[in-house]
Amino acid sequence: MEDCTRAIALDPKDSRVYAKRGSVYALKGEPEKAIKDYSVAIELDPKNMEAYSGRAAAYIANAEYNMAIGDYTRLIALAPRAASTYYNRGKIYFQTNAVDMAIVDYSEAITLDKKYVAAYFARGGAYTKKGDFDKASGDYSMVVGLKPNYAEAYYYRGNIYGAKAEYEKAIEDLSKAIAIDPAFASAYNLRGKAYRKKGDFKKAEADEAKFQALSKK
């Protein structure tokens, strides 16, 4: 921090130093000060992508979501093929219940990077929220195809199968989630419900007991 402040005193027109001090403030949990420094950095250099990215994160930490969206939009204008920027903006849209806008951004991120696991996973969640379970299931399938040890993707796809009364498929996916993460309490709970729907009460009770035991930890 002190080094940055001294550097600013020596050269108050250096955008990079303001951005660096902004990142220090952000790490210290002081988003307002971070925003102030990032804003000076951007004023000095309107193409300082590090400053836009840092300020967007600081706005999110300060619950100023529209301002963060604005910064990600400016970043996209500067670097329109950066998949992660669309993904990050999509996350804010989803968080603020602009689900359709989130899907558009996640889809653009995937177009730019066909192996973007996090974007497929996030879009699966957005489709689920809209009730478009087939598309959601398709995205979770892409996730496990790209990253076979992704327990949460099996869990959420299993949840969709359960909602569609496809209990065998649900149990299969939830069992994979549990195999990857034996402490995945919610997976035991959901699998227990699927077993109960199938009339396999002994297995249902075993999963329910495991869920209770894990939930107490």
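The values are calculated or read from the model by the stated rules, or taken from the named source; none is laboratory data. Keep in mind it's a predicted model, so treat the numbers as computed, not measured. When we count neighbours, we look across all protein chains shown, and the Cβ atoms used for this are built from the backbone with ideal geometry, even at glycine.
Listed values, structure above:
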quantity	calculated
Residues located in the stretch 26-65, provided they are of a type outside the set (Gly, Ala, Ser) and over 22 Å from residue 92 (Cα atoms)	28, 37, 40, 43, 44, 45, 46, 47
Residue among 167, 140 that alone is touching a Gly at 6+ places or on another chain (Cβ under 9 Å) and modelled with pLDDT of 95 or more	140
Qualifying residue in the stretch 114-133 (condition: more than 15 Å from the chain's Cα centre (by Cα), among the charged types (D, E, K, R) and within 16 Å of residue 146 (Cα to Cα))	yes
Sole residue being without any contact (Cβ under 8 Å) to a residue 60 or more places away in the chain, within 27 Å of residue 106 (Cα to Cα) and of a type outside the set (Val, Ile, Thr), chosen from 41, 34, 61	61
Filter result (among the small types (Gly, Ala, Ser) and either at pLDDT below 95 or outside any helix (DSSP H, G or I) (or both)) within the stretch 28-60	29
Residue 198 being surrounded by fewer than 17 Cβ atoms within 10 Å (Cβ to Cβ), modelled with pLDDT under 95 and out of contact with any His (no Cβ under 8 Å at 6 or more places or on another chain)	no
Odd one out for residue 105 among (1) of a type in the set (D, E, K, R); (2) more than 26 Å from residue 59 (Cβ to Cβ); (3) part of a helix (DSSP H, G or I)	(2)
Checklist (1) outside any helix (DSSP H, G or I); (2) closer than 26 Å to residue 165 by Cβ; (3) among the polar types (S, T, N, Q) applied to residue 97, failing item	(2)
Residue in the stretch 147-162 that is assigned to a helix (DSSP H, G or I) and surrounded by fewer than 16 Cβ atoms within 10 Å (Cβ to Cβ) present	no
Single condition residue 178 does not satisfy, out of (1) under 24 Å from the mean Cα position of the chain (by Cα); (2) farther than 24 Å from residue 145 by Cα	(2)
Residues within the stretch 92-107 that are surrounded by 20 or more Cβ atoms within 10 Å (Cβ to Cβ) and either among the charged types (D, E, K, R) or in contact (Cβ under 8 Å) with a residue 40 or more places away in the chain (or both), tallied	1
